[in-house]
Amino acid sequence: MEITREQRAEHTSLLTVKVGESDYGEAVEKTLRNYKRKANIPGFRPGMVPMGIVKKMYGKSVTAEESYRTASNAVFEYLQKENIDYLGDVIPSEEQGDFDFDNNTEFEFKFEIGEAPKVELNLSEKDKVVYNKIKVDKKMKDDYRSNFLRRFGRLVDADKVTADEALSVTLDNGDIHVDDAYVGLISMSEEERKPFIGKKVGYKTAVNINELYKSASQRAAILKVKEDELDGINPEFTLEITKIRRFAEPEINEEFFKMAFPQGNIADAKAFDEFIEAQIAAELKRETDYMFTLRLRDYLLEKTSPAMPVEFLKRWLYTINEGKFSMEDINKDFDSFLKMFTWNYLQKLIIKQESLTVTADEAQAEAKALAQAQFAQYGMPAAPDEMLAGYAGRILEDKEQAQKIYEKLYETKVVEAVRAKIKVTEKAVSADEFAEMARTL
């Protein structure tokens with residue numbers, strides 16, 4: 001067997017592997033003997049098919065498969081032995097010639113690799129990145145408090161429509177009459193609410209039901225018909241308000257604390273205010289940390305400018321996706337892919353350089369935090385620990401979700417390691433300013 005390596009395009013190498021029968025012959029014989037043992041051919045008992053017939057039937061395909069496998073394995077052994085760092089995977093070269101597996105015993109396989117670039121980070125306090133913090137204002141606190149209390153509030157009768165009340169209405173178009181239909185102003189835009197603001201029980205108006213209820217399924221449910229029957233219904237209805245109800249926040253008392261925090265960790269107004277502030281701080285930190293990660297990523301990519309084998313990576317993407325995407329598709333989204341791919345490469349270098357690890361306990365804690373966030377969305381801000389642990393275990397059993405958790409934790413550790421070496425300046429901005437910055441990243 002002979003392996004040679006030569007430079008081709010920028011940061012791309014061609015590996016040529018010459019294999020002979022002495023390299024792959026034993027594997028071919030072993031595979032053919034296995035075929036002989038299992039072959040089911042009319043006129044022969046199982047296992048008694050002559051080897052000559054087996055070779056005639058399968059010899060060419062087995063030789064092609066085993067010679068290629070031998071060459072491919074040799075490439076990986078060569079790369080490991082020579083300590084050659086490469087990107088993506090080894091792919092067959094476009095320079096590969098034809099093979100005559102009927103008459104030849106020596107074959108030349110050509111493979112391509114994308115060479116990993118050399119990167120020197122050399123981080124110090126001369127490297128500067130801004131960390132933007134969001135200023136917490138009264139409106140932010142009031143909104144969060146109101147949204148939290150909404151989970152535990154109730155609807156009470158109101159005299160007139162003021163903002164986002166829930167309406168019970170009668171709908172009638174002459175052919176269809178519906179009592180107690182629900183109209184939720186909270187799901188409407190300010191412009192859509194305007195016709196109802198200030199109105200009282202007994203108010204009548206003409207409405208188009210297609211505009212009042214956006215989805216076909218909702219209209220069908222309200223009118224008690226099937227969706228395919230909607231086209232034949234006149235959408236112009238008379239609407240009469242029969243009841244107005246508004247959301248009333250629960251009283252901040254012992255009953256509320258027992259309902260909202262069954263674990264008893266929050267039991268008075270002061271502790272509740274501190275809880276609200278802590279929740280806002282945690283949510284804002286997730287956003288500001290994420291922006292800082294993106295900003296640090298962009299800074300490191302610009303600072304190091306790794307020379308990536310662009311054309312090779314495009315061919316690699318096309319090859320591993322087995323024709324699912326055309327080269328035109330790949331070219332269209334390649335810039336964003338390259339940015340992500342290069343950032344992942346830099347992360348691996350930093351992980352190795354800093355000897356960073358993620359433990360199973362850290363992954364479990366992250367999965368529990370994810371579970372807690374999901375429970376909170378469904379009105380359980382303080383789920384029992386044993387419930388969180390069980391849910392976290394199921395999350396980590398899912399390989400795809402577990403991989404995302406480990407990748408997130410590694411990225412966090414990379415950011416922390418880099419942050420410790422550079423100068424980070426904190427700057428407070430308003431929520432609107434932060435949102436505008438986020439749009440540019």
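The values are calculated or read from the model by the stated rules, or taken from the named source; none is laboratory data. On a predicted model such as this, the values are computed, not experimentally measured, just so you know. We place every Cβ from the backbone using ideal geometry, glycine too, and count neighbours over all the protein chains shown. Note: accessible area is taken over every heavy atom of the protein model, side chains too, but ligands, DNA and RNA are not part of it. Shrake-Rupley method; radii C 1.70, N 1.55, O 1.52, S 1.80 Å.
Looking at (1) open to solvent by less than 30 Å² (accessible area, probe 1.4 Å); (2) in contact with a strand residue (DSSP E or B) (Cβ under 9 Å, 6 or more places away or on another chain), which is the only condition Asp289 fails?
Asp289 satisfies all of (1) open to solvent by less than 30 Å² (accessible area, probe 1.4 Å); (2) in contact with a strand residue (DSSP E or B) (Cβ under 9 Å, 6 or more places away or on another chain) except (1).
When residues of the stretch 128-150 are filtered for being assigned to a loop (DSSP other than H, G, I, E, B) and open to solvent by less than 80 Å² (accessible area, probe 1.4 Å), how many remain?
2
Would you point out the residue of the stretch 92-109, among those that are open to solvent by less than 40 Å² (accessible area, probe 1.4 Å) and at pLDDT 95 or above, that is nearest to Trp343 (Cα to Cα)?
Phe109
Could you say whether any residue in the stretch 360-381 is at pLDDT 90 or above, within 20 Å of the chain's Cα centre (by Cα) and within 27 Å of Ile113 (Cα to Cα)?
no
Would you check which residues across the stretch 164-185 are farther than 14 Å from Thr205 by Cβ and in contact (Cβ under 8 Å) with a residue 40 or more places away in the chain and list them?
The answer is Asp164, Glu165, Ala166, Ser168, Gly174, Asp175, Ile176, Val178, Asp179, Asp180, Tyr182.
Condition first: modelled with pLDDT under 95, open to solvent by less than 60 Å² (accessible area, probe 1.4 Å), hydrophobic (A, V, I, L, M, F, W, C) and not in a helix (DSSP H, G or I). Can you find one or more residues in the stretch 13-31 that meet it?
So far as the stretch 13-31 goes, no, none of its residues is modelled with pLDDT under 95, open to solvent by less than 60 Å² (accessible area, probe 1.4 Å), hydrophobic (A, V, I, L, M, F, W, C) and not in a helix (DSSP H, G or I).
Go through the stretch 227-285 and give me each residue that's open to solvent by less than 40 Å² (accessible area, probe 1.4 Å) and closer than 30 Å to Glu386 by Cβ. Spell out the reasoning first.
Start the filter on the stretch 227-285 by keeping residues that are open to solvent by less than 40 Å² (accessible area, probe 1.4 Å), which leaves 230, 233, 235, 237, 239, 241, 244, 248, 250, 256-257, 260-261, 266, 271-272, 275-276, 280, 284.
Once the filter is applied, which keeps residues that are open to solvent by less than 40 Å² (accessible area, probe 1.4 Å) and closer than 30 Å to Glu386 by Cβ, the stretch 227-285 yields Pro250, Phe256, Phe257, Ala260, Phe261, Ile266, Ala271, Phe272, Phe275, Ile276, Ile280, Leu284.
Out of the residues in the stretch 189-210 that are free of Cβ contacts under 8 Å to residues at least 24 places away in the same chain and farther than 15 Å from Ile244 by Cα, which is least open to solvent (accessible area, probe 1.4 Å)?
Only one residue fits best here, namely Ser189.
Look through Ala74, Ala64 and report the one residue that is without any contact (Cβ under 8 Å) to a residue 60 or more places away in the chain, surrounded by 11 or more Cβ atoms within 10 Å (Cβ to Cβ) and among the small types (Gly, Ala, Ser). First the steps, then the outcome.
On the way: Ala74 fails: without any contact (Cβ under 8 Å) to a residue 60 or more places away in the chain.
Only one candidate qualifies: Ala64.
Do you know which of the residues in the stretch 395-441 that are outside any helix (DSSP H, G or I) and β-branched (Val, Ile, Thr) is farthest from Gln374 (Cα to Cα)?
Ile422
Considering only the stretch 292-328, state which residues are more than 22 Å from the chain's Cα centre (by Cα) and without any contact (Cβ under 8 Å) to a residue 12 or more places away in the chain.
Answer for the stretch 292-328, where residues must be more than 22 Å from the chain's Cα centre (by Cα) and without any contact (Cβ under 8 Å) to a residue 12 or more places away in the chain: Glu302, Ser305, Glu322, Gly323, Ser326, Glu328.
Collect the residues in the stretch 165-188 that are farther than 14 Å from Lys243 by Cβ, loosely packed, with under 15 Cβ neighbours inside 10 Å and under 37 Å from the mean Cα position of the chain (by Cα), keeping them in residue-number order.
Scanning the stretch 165-188 gives Ile186, Ser187.
Has the stretch 110-127 got any residue that is of a type in the set (D, E, K, R), within 18 Å of Phe292 (Cα to Cα), open to solvent by 100 Å² or more (accessible area, probe 1.4 Å) and part of a strand (DSSP E or B)?
Looking through the stretch 110-127, none of the residues is of a type in the set (D, E, K, R), within 18 Å of Phe292 (Cα to Cα), open to solvent by 100 Å² or more (accessible area, probe 1.4 Å) and part of a strand (DSSP E or B).
Just one of the numbered conditions (1) modelled with pLDDT of 95 or more; (2) among the β-branched types (Val, Ile, Thr); (3) farther than 21 Å from Glu2 by Cα is not true of Thr70; which one?
Status for Thr70: all satisfied but (3).
Go through (1) surrounded by fewer than 14 Cβ atoms within 10 Å (Cβ to Cβ); (2) modelled with pLDDT under 90; (3) in a helix (DSSP H, G or I) one by one and return the number of the condition Arg45 breaks.
That leaves (3) as the condition not met.
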